[in-house]
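To start, the structure under review is shown below, and the notes come after it.
The values are calculated or read from the model by the stated rules, or taken from the named source; none is laboratory data. This structure is a prediction, so every number in the text was calculated from the model and none was measured. Positions of Cβ are generated from backbone atoms using ideal geometry, with glycine treated the same way; all protein chains shown enter the neighbour counts.
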Amino acid sequence: MGTTIHSSPASADRTGAVNAPARESVLILGASSSIARWTAHAFARRGYDLILAGRDDDDLARLASDVRVRHNMGAETLHFDALSVSSQATAFGDAVRLAGGAEHLAGVVLAFGLLGDQRRAAHDSELAGYLVDVNFTAAVRVLTVASDHFESRGRGFIVAVGSVAGDRGRQSNYVYGAAKAGLAVFMQGLRHRLAPMGITVLTVKPGFVDTQMTFGHPGLFLVAPPSAVGEQIARAVEEQRSVLYVPAFWRIVMLIIRLLPQRIFHRTRL
């Protein structure tokens, strides 16, 4: 399935004028996720229009309506299937058109992903490959198109939601973690490539966040609200940061885990 554009009627600007000059927009891929929803609100509060992309058209429509009412900002929806090659190829171009041209698409937030069942993936090669496709391969394809856009524009920002799981392979989630580790390295390369132009390339590494992805998983502690995560993502873009651990203490937690000697690490059940 490819992309399908769902346009809203022309919206008024803050003074009530219709057909005002286009503002800058942010594309959010995987906009139905909890982190993405609150990130959308955070950018809308900062004066950005939004292009909300994902598979659940009804949910996207509700979020777009909420953004328009709550923040008096524009919000369009775009049907996007992360695993559809045609959707990967056309989504960014469709978003540029919805934004009113290349000069008006200021940034992209990639927030789709799937944790999956590590116990199954450890023995099911098809599931393992599927998790890598969702969390890494699809992201690389979309962000490759995005990087060319911002390079030609000469400014903007790219955000990808990764995970602390990518910092060290652990028996509890190493298939998901491997994909997120690959995404982190890909973002490092993009950051290096686009740094001369001052383009912000931000890798977000959440720990445990209260989302549908983590609901019901055992062993969770100090779970962060997605509203706080969304606000921190928008703030990190403003500050032109490169890596964001959320909550911040996960930077220390993962540093300790990375530094554990192998003989000790292998005795843990992390």
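Identify, from the list Val229, Val204, the residue that is modelled with pLDDT of 95 or more, outside any loop (DSSP other than H, G, I, E, B) and among the hydrophobic types (A, V, I, L, M, F, W, C).
The match here is Val204.
Is there a residue in segment 120-135 that is surrounded by 23 or more Cβ atoms within 10 Å (Cβ to Cβ) and not in a loop (DSSP other than H, G, I, E, B)?
Checked against the condition, which is being surrounded by 23 or more Cβ atoms within 10 Å (Cβ to Cβ) and not in a loop (DSSP other than H, G, I, E, B), segment 120-135 yields at least one hit.
Does segment 56-92 hold any residues that are surrounded by fewer than 18 Cβ atoms within 10 Å (Cβ to Cβ) and either in contact with a Leu (Cβ under 7 Å, 6 or more places away or on another chain) or under 14 Å from Leu110 (Cα atoms) (or both), and which are they?
Leu83, the sole residue that qualifies.
Output the number of residues of segment 233-263 satisfying the condition of being in a helix (DSSP H, G or I) and either surrounded by 11 or more Cβ atoms within 10 Å (Cβ to Cβ) or charged (D, E, K, R) (or both).
Qualifying residue count for the region: 14.
Check segment 54-69 and report whether any residue there is under 15 Å from the mean Cα position of the chain (by Cα) and either closer than 30 Å to Gly207 by Cβ or at pLDDT 95 or above (or both).
Yes: one or more hits.
Among the numbered criteria (1) more than 19 Å from Leu52 (Cβ to Cβ); (2) surrounded by 16 or more Cβ atoms within 10 Å (Cβ to Cβ), which single criterion is violated by Ala138?
Failed condition: (1).
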